[in-house]
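Visitor: Provided herewith is a single structure, encoded as structure tokens, for subsequent inquiry.
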Amino acid sequence: MKYNLLISILLYCSGAFAISPRVGRYTASFQEHHPLSRAEEIQKRTTMVIDAVREDGYTCDPSRETYEVFVPQDYDPNAAYGLVVEISPGDKGQVLFGRMEAEFAKRQLICVGADRSGNNQNVYSRRIPLALDGLHNIQKLYKIDPERIYVAGLSGGGNVASIMAFHFSDVFTGGIFVIGASFWRPVAVPGRPGRAYPGFPTPKVKYLVEARNRGRYVLLTGEHDFNRTPMQIYYQYGYKPYLKNVLFIDVPGMKHDVPPPERLLQAIEFIDQPPKTSR
């Protein structure tokens, strides 16, 4: 009996009895910060001044936040999975991919989105650091392929996702911007002298070069989306001339709403493939 107990202890210590990672849909809180979610790091990249910085240099405490997580039921710890970090326009962390469990499982994709990270929250002190912290902690829990880490968002979340995709192009290898996006400089409106759609702070050249060379991006809108015109102009006069791998999806009949699953799948299939090496 003593021998069997000793064997059990040795097996436990060696990891043979390690607890299996959680699968399915669940809500979680985390303990660790992403190194880049420090206020100082976000300020360096975005040039935006961040107020209300805590003594530890961060603006959020992941242990006091909640995240919506989806992991395929057949998760294989020996395989490297892709990860979609979603930024929601509302209080719930996931609104885009709720009906796509089967496709995520087929493509070995995990999804994480922070709650209380909607349009009423500050972009630079909450929405960006919360997204980075979610990414970091999922990477600690599951085996993630660093070449398959994407950021996605709906409406105002799409705007934030477009900011993160290019200021953190060394982290995210692609982005899906749904019924909301922006560009890294104002883009003039054709035929309207003096009018331009606003842009966000221009990323450093090295991040733009990385985005151009290896990133894949989708702008997804609908025929009756009130953001359709600015998204078309951002795509035609901003993204398309600069980026090697960018797709514009215009859904007939769709309003400012969550796209049908088949259109989201089209976007995922585009970003979740090796980038082109030349134009």
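Visitor: Could you tell me whether any residue of segment 94-110 is surrounded by 18 or more Cβ atoms within 10 Å (Cβ to Cβ), within 21 Å of Thr59 (Cα to Cα) and touching a residue at least 24 places away in the same chain (Cβ under 8 Å)?
Guide: no
Visitor: Within segment 70-93, take every residue that is under 14 Å from Arg25 (Cβ atoms), free of Cβ contacts under 8 Å to residues at least 60 places away in the same chain and not in a strand (DSSP E or B) and give me the one that is farthest from the chain's Cα centre (by Cα).
Guide: Looking at residues that are under 14 Å from Arg25 (Cβ atoms), free of Cβ contacts under 8 Å to residues at least 60 places away in the same chain and not in a strand (DSSP E or B), I get Gln73.
Visitor: Right, another one. Looking for whichever is at pLDDT below 95 and either among the hydrophobic types (A, V, I, L, M, F, W, C) or closer than 25 Å to Tyr124 by Cβ (or both) here; the options are Tyr197, Tyr234. Which one fits?
Guide: On the way: Tyr234 fails: at pLDDT below 95.
Result: Tyr197 is the single residue among Tyr197, Tyr234 that is at pLDDT below 95 and either among the hydrophobic types (A, V, I, L, M, F, W, C) or closer than 25 Å to Tyr124 by Cβ (or both).
Visitor: Quick one: would you say Pro190 is modelled with pLDDT under 95 and either on the phi < 0 side of the Ramachandran plot or touching a strand residue (DSSP E or B) at 6+ places or on another chain (Cβ under 9 Å) (or both)?
Guide: Taking the combined requirement at face value, the residue satisfies it.
Visitor: Hey, another quick one. Kindly indicate the residue of segment 111-130 that is in contact with a strand residue (DSSP E or B) (Cβ under 7 Å, 6 or more places away or on another chain) and charged (D, E, K, R) and also surrounded by the fewest Cβ atoms within 10 Å (Cβ to Cβ) among those meeting that condition.
Guide: Kept after step one, since they are in contact with a strand residue (DSSP E or B) (Cβ under 7 Å, 6 or more places away or on another chain), are these residues of segment 111-130: 111-115, 117, 127, 130.
Pick out the ones that are also charged (D, E, K, R) and you get 115, 127.
Details: Asp115: 18, Arg127: 27.
Residue satisfying both the conditions and the ranking: Asp115.
Visitor: Hey, does segment 176-199 have a residue that's in contact (Cβ under 8 Å) with a residue 12 or more places away in the chain, touching a Lys or Arg at 6+ places or on another chain (Cβ under 9 Å), of a type in the set (Ser, Thr, Tyr) and not in a loop (DSSP other than H, G, I, E, B)?
Guide: No, every residue in segment 176-199 fails to be in contact (Cβ under 8 Å) with a residue 12 or more places away in the chain, touching a Lys or Arg at 6+ places or on another chain (Cβ under 9 Å), of a type in the set (Ser, Thr, Tyr) and not in a loop (DSSP other than H, G, I, E, B).
Visitor: If a residue must be among the charged types (D, E, K, R) and either more than 20 Å from Ala80 (Cβ to Cβ) or under 11 Å from the mean Cα position of the chain (by Cα) (or both), how many such residues does segment 122-147 contain?
Guide: Step one: filter segment 122-147 for residues among the charged types (D, E, K, R), giving 126-127, 133, 140, 143, 145, 147.
The next check asks that each one be either more than 20 Å from Ala80 (Cβ to Cβ) or under 11 Å from the mean Cα position of the chain (by Cα) (or both); those that pass are 126-127, 133.
The number of residues fulfilling the criteria is 3.
Visitor: When you check Arg216 against the structure, is it touching a strand residue (DSSP E or B) at 6+ places or on another chain (Cβ under 8 Å), touching a residue at least 40 places away in the same chain (Cβ under 8 Å) and basic (Lys, Arg), yes or no? Walk me through how you get there before you give the answer.
Guide: Numbers: touching a strand residue (DSSP E or B) at 6+ places or on another chain (Cβ under 8 Å): yes; touching a residue at least 40 places away in the same chain (Cβ under 8 Å): yes; basic (Lys, Arg): yes.
So Arg216 passes the test.
Visitor: Now for a different question. What about Ile144, is it over 23 Å from Glu262 (Cα atoms) and β-branched (Val, Ile, Thr)? Explain how you work it out, then say what you get.
Guide: Numbers: over 23 Å from Glu262 (Cα atoms): yes; β-branched (Val, Ile, Thr): yes.
Yes.
Visitor: Select from segment 200-240 the residues that are charged (D, E, K, R), outside any helix (DSSP H, G or I) and surrounded by fewer than 14 Cβ atoms within 10 Å (Cβ to Cβ) and list them in ascending order.
Guide: Taking segment 200-240 first, the residues charged (D, E, K, R) are 204, 206, 210, 212, 214, 216, 223, 225, 228, 240.
Subset that is outside any helix (DSSP H, G or I): 204, 216, 223, 225.
Matches in segment 200-240: Glu223 only.
Visitor: I would also like to ask the following. Restricting attention to segment 264-277, does a residue exist that is of a type in the set (Gly, Ala, Ser) and either without any contact (Cβ under 8 Å) to a residue 24 or more places away in the chain or in a loop (DSSP other than H, G, I, E, B) (or both)?
Guide: Taking segment 264-277 as the starting set, the residues that turn out to be of a type in the set (Gly, Ala, Ser) are 267.
Then keep just the ones that are either without any contact (Cβ under 8 Å) to a residue 24 or more places away in the chain or in a loop (DSSP other than H, G, I, E, B) (or both); that gives none.
Checking segment 264-277: not a single residue is of a type in the set (Gly, Ala, Ser) and either without any contact (Cβ under 8 Å) to a residue 24 or more places away in the chain or in a loop (DSSP other than H, G, I, E, B) (or both).
Visitor: Considering only residues that are touching a Leu at 6+ places or on another chain (Cβ under 8 Å) and free of Cβ contacts under 8 Å to residues at least 12 places away in the same chain, which ones fall in segment 111-120?
Guide: Residues satisfying the conditions do not exist here.
The values are calculated or read from the model by the stated rules, or taken from the named source; none is laboratory data. Because the structure is a prediction, the values reported are computed rather than measured. Please note: Cβ atoms are built from the backbone with ideal geometry, for glycine as well, and neighbour counts cover all protein chains shown.
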